[in-house]
Amino acid sequence: MAEQYASVIIDISHENVDRIFQYRLPPELLGEVRIGSQVCVPFGSGNRTRKGYVVDIGPTVDYDPEKVKTVISLVTGSVTADSRLLELAWWMKERYGSTMNQALRTVLPVKKQVRARNKQVVKSLVGAGTAQGRVILNDQQRRAVDRFCQTFGTPEQKPMLLYGITGSGKTEVYMEMIQHVLDRGRQVIVLIPEISLTYQTVMRFYRRFGERISVMHSRLSAGERWDQFERARRGETQVMIGARSALFTPFSDLGLIVMDEEHEGAYKSETTPRYHAREVAEQLCRMHGAAFVMGSATPSLEAYRLAEEGIYERMVLDRRAGAGSAPASVEIVDLRREMEEGNRSMFSRRLKELIADRLDRGEQTVLFLNRRGYSSFVSCRSCGEAIKCPHCDVTLTLHGRDRLVCHYCGYAVPMPKHCPSCGSPYLAGFGTGTQKLEEAAKALFPQARILRMDLDTTSRKGGHEAILSAFSKGEADILLGTQMIVKGHDFPGVTLVGVLAADLSLYAPDYRSAERTFQLLVQAAGRAGRGRKPGTAVIQTYVPDHYSIQAAARQDYEAFYRQEMGFRRLMGYPPACHMLSIQAAGKDEELLVHIMDAVSRAVQARFGAETAVIGPVPAPVYKVNDIYRKILYLKQENYDILIKIQKYVQNRWDETESCRRLTIQYDFS
């Protein structure tokens, strides 16, 4: 039998060893080892051995066969990765500037011991039940489903963006699409942005599809996650519901990926490789010949722009699915006027009046505290203006008590004693907490039954489900909390939503701050009036005229999109162009500054004629645990050029001895 050789990626944490090594396959392992197998191989000098993954098998090697070492053994009980997952890992390595080992650790599960009870995860969440029949769709929903069915499995299938207002019945559309795919013997992945959405979503899907579904989210133990992947590998489940890691379910015949609430920031990984689930899902669907459907009432600018360009197919659901249900009426309260007239409480007079009315009528209220960007900016309590960088449309971040810094261009000024806009001396950091909000609500409405939902009250396993279940059963009058309470939940008894500090997220040092604010406010308003009774949303703000708040009050996505895209084009921000951030970190501040300045000069010299190079500047949190961090930003219309820059920087980094005392990571957007 002819010799066979395995190309192996060594599975060790030393990132410098991130290339393929070739080994001879011994006769006893021929036919046993395949692509995706984990093997034990000799590595380096002496008798050291390492484990690695086989990424290719063939009859030739790239150098003298006499010098090729031999695979020692096949690792018993190892993960045999689907070849597509290995292919996906390689794609992620190339696109997001990670090592192959980092990509492999992202896409391949780690085996842990698992107890038998974990097979009942779904049942424990939703209770016993059997699959139920299909719902009756309205004409808009039916049109979207019919279009999906017509193009499923054909070369013309484009990714579909289901742009539907809150309460328009996107989940019912998903379920009809999923049924179509399951009827053809293929499998489905349903992505949800975060654990707080799992409870209601799983209940709805379980009632429709029974035990054909499994659940994957970050609160599962490693053993539970392994068990869910193995169920999918053995064909015991056909639908996997979960956060972005559910993308890596080892289905043999994936037919559809559904991405609910496509706009959510939770779909972007914060660890290397810093992938976006939307992009990885699209690539995975191309590899499987599968369909890709995204849904949102407030699509990301990236997705909506692709739909406008015809790369995605757009289907619109612009009316609510429930009989007699209509979008909530929205009122904006100017907190500057409240302050002028002597009201310094967390509740405007109008919001207090409406809460009291709902309590009298036995209806429910949701109070949303917008804490994104908490306490990091300075604003004027008189005119409501936040202090911004004169060179970038982002707020300056307060460092200590006396210095304001822009984390995009490095501009810095001392803390002013008076407001630059109106001259008022009343400047301060802005923010409050959910516990303080709960105390204020109890003091104002002692008769109300109040539930608080935040990290403190949901830290234990099952905490989200317990709170959401109690509120949905009418066991509380008011649910208050942060962003987790306004995303995707369906409470027919809620007729009032109050948004406190609506403009807080506008002042985060992020070019997406207006987009995030608009999305949060529309999603919050969408929680009211989902039953037969009309709903009202009250938005409390110091900047009532800001375009994101005005558009959110009208629930006018198109108007917001046009204005925000104009800003992005003017400033050269994604999706008008692409951006790469290079972040380096280390304990030696002087070395960090020296190296990052050198990187900036090298990139300027080689690519500066066609690429905007900004920085390096301090990271938004410059020092964490005595580790200093600096970032270099690069803007370019051509994504491929940014990839070339990343590879150029990494090669120079690897060749520089002193860089070994620092770490580096890349983030494409």
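The values are calculated or read from the model by the stated rules, or taken from the named source; none is laboratory data. Here the structure is a predicted model, which is why all the values come from computation and not from measurement. We place every Cβ from the backbone using ideal geometry, glycine too, and count neighbours over all the protein chains shown. For accessibility, only protein heavy atoms count, side chains too; no ligands or nucleic acids. Shrake-Rupley method; radii C 1.70, N 1.55, O 1.52, S 1.80 Å.
One table, with the values for the structure above:
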{"item": "Number of the exception - R460 against (1) touching a residue at least 24 places away in the same chain (Cβ under 8 Å); (2) farther than 25 Å from R350 by Cα", "result": "(1)"}
{"item": "Criterion: over 30 Å from the mean Cα position of the chain (by Cα), of a type in the set (S, T, Y) and either under 18 Å from H263 (Cα atoms) or open to solvent by 40 Å² or more (accessible area, probe 1.4 Å) (or both) - qualifying residue of S329, S345, S296", "result": "S345"}
{"item": "Test result for R532, open to solvent by less than 10 Å² (accessible area, probe 1.4 Å) and either of a type in the set (A, V, I, L, M) or modelled with pLDDT under 90 (or both)", "result": "no"}
{"item": "Qualifying residue in the range 328-336 (condition: touching a strand residue (DSSP E or B) at 6+ places or on another chain (Cβ under 6 Å), at pLDDT below 90, of a type in the set (G, A, S) and over 19 Å from F148 (Cβ atoms))", "result": "yes"}
{"item": "Any hit, the range 263-283, residues being of a type in the set (D, E), touching a residue at least 40 places away in the same chain (Cβ under 8 Å) and open to solvent by less than 30 Å² (accessible area, probe 1.4 Å)", "result": "yes"}
{"item": "Matching option when the condition is within 28 Å of D545 (Cα to Cα) and not aromatic (F, W, Y), among E309, E363, E313, E331", "result": "E331"}
{"item": "Failed item in (1) more than 23 Å from S269 (Cα to Cα); (2) over 26 Å from the mean Cα position of the chain (by Cα); (3) not in a loop (DSSP other than H, G, I, E, B); (4) not aromatic (F, W, Y), with A609 passing the rest", "result": "(3)"}
{"item": "Condition check for Q563: within 25 Å of E515 (Cα to Cα), without any contact (Cβ under 8 Å) to a residue 40 or more places away in the chain, in a helix (DSSP H, G or I) and not β-branched (V, I, T)", "result": "yes"}
{"item": "Exclusive hit being more than 26 Å from A103 (Cα to Cα), crowded, with 16+ Cβ neighbours inside 10 Å and either touching a helix residue (DSSP H, G or I) at 6+ places or on another chain (Cβ under 8 Å) or free of Cβ contacts under 8 Å to residues at least 60 places away in the same chain (or both), set G615, G586", "result": "G615"}
{"item": "Of the criteria (1) open to solvent by 50 Å² or more (accessible area, probe 1.4 Å); (2) within 30 Å of V333 (Cα to Cα), which one Y507 fails", "result": "(1)"}
{"item": "Test set (1) part of a loop (DSSP other than H, G, I, E, B); (2) under 24 Å from L220 (Cα atoms) - A448 fails condition number", "result": "(2)"}
{"item": "Looking only at the range 558-581, and only at residues there that are within 17 Å of I631 (Cβ to Cβ) and among the hydroxyl-bearing types (S, T, Y), the one that is surrounded by the fewest Cβ atoms within 10 Å (Cβ to Cβ)", "result": "S581"}
{"item": "Filter result for A476 (assigned to a loop (DSSP other than H, G, I, E, B) and touching a strand residue (DSSP E or B) at 6+ places or on another chain (Cβ under 9 Å))", "result": "yes"}
{"item": "Pairs with Cβ under 7 Å, 6+ apart, first in the range 348-364 and more than 18 Å from A440 (Cα to Cα), second surrounded by fewer than 21 Cβ atoms within 10 Å (Cβ to Cβ) and among the basic types (K, R)", "result": "E363/K533"}
{"item": "Filter result for the condition that a residue is surrounded by 24 or more Cβ atoms within 10 Å (Cβ to Cβ) and not basic (K, R), over V188, V145, V135", "result": "V188"}
{"item": "Filtered residues of the range 614-644 (kept if farther than 20 Å from S269 by Cα, touching a Lys or Arg at 6+ places or on another chain (Cβ under 8 Å) and outside any loop (DSSP other than H, G, I, E, B))", "result": "I614, G615, P616, V617, P618, Y622, K623, I627, Y628"}
